[in-house]
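Structure, as structure tokens:
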Amino acid sequence: MKNSSDEPSEDSELNRVEVTSGNQFRLLAAVLLPALVGLGLGVFAIRVAEIYGLTLFLMLPVIVSFLSAFMWKLGQPVSYGKCYWVSVLSLLALGVMIVIIALDGLICLLMALPLAMVLATFGTLLGFWAALRLGRGKGSGLSVFLVALFPMLVSFERSVESEFPPQREVTTTIEIDAPIEEVWRHVVTFTDID
């Protein structure tokens, strides 16, 4: 009969990752590199494409958390929860970078944090799944994700100048050739409706 204390279970292996210098570097890379990619995408979205809306607030947390979870999970027996918190650290690092370069304000980022954390669950799940599939030698998971990512990448298309002509203001006036007393009498009194 096996003694459970002799061999670590798969669950305890998922929750325990040995901290080595290689893992510290890997953790640092899984936090900072996706944050830098997110910063580049954020600068492009705001300064170049002039998009400050759903694309920025919905897509950026998903992309950063995907990259972070993918980098942390690939080749390591770590749980989804650990990948999620590494993704959150990456989003926080992105927030610090955004404040440092004055791309956005601290209050705005604090208001967006709950939404980013919810979206990070989705991005982390995709990154975890892709790393799991790729780690098992099934590279199709990554290609499926890249196809799913395509709509997010083309969402910057909106930055292209519109081909529609500029709108012009049109004003219409009606001049009535009658004394004001006559007009006013018709405005304030009504005839009986049959």
Quiz item: Would it be correct to say that G95 is surrounded by fewer than 18 Cβ atoms within 10 Å (Cβ to Cβ) and among the small types (G, A, S)?
Solution: no
Exercise. Assess whether L27 counts as being open to solvent by 50 Å² or more (accessible area, probe 1.4 Å), without any contact (Cβ under 8 Å) to a residue 24 or more places away in the chain and within 22 Å of L113 (Cβ to Cβ).
Key: no
Quiz prompt | Residue selected from the range 30-82 under the condition part of a loop (DSSP other than H, G, I, E, B) and free of Cβ contacts under 8 Å to residues at least 24 places away in the same chain, by the criterion surrounded by the most Cβ atoms within 10 Å (Cβ to Cβ) | solution = Y52
Exercise. Check whether at least one residue in the range 114-122 is at pLDDT 85 or above, surrounded by 18 or more Cβ atoms within 10 Å (Cβ to Cβ) and under 17 Å from L28 (Cα atoms), and report yes or no.
Key: no
Self-check item: Flag for L89 being open to solvent by 40 Å² or more (accessible area, probe 1.4 Å), closer than 25 Å to L32 by Cα and at pLDDT below 85
Solution: no
Practice problem: Being modelled with pLDDT of 80 or more and hydroxyl-bearing (S, T, Y) is the filter here, so list the residues in the range 162-188 that pass it. | Solution: T171, T172, T173
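The values are calculated or read from the model by the stated rules, or taken from the named source; none is laboratory data. Just so it is clear, the model here is predicted, and its values are computed rather than measured. Every residue, glycine among them, receives a Cβ derived from its backbone with ideal geometry; neighbour counts consider all protein chains shown. When the accessible area is computed, the model is the full protein with side chains, heavy atoms only, and any ligands, DNA or RNA have been set aside. Shrake-Rupley method; radii C 1.70, N 1.55, O 1.52, S 1.80 Å.
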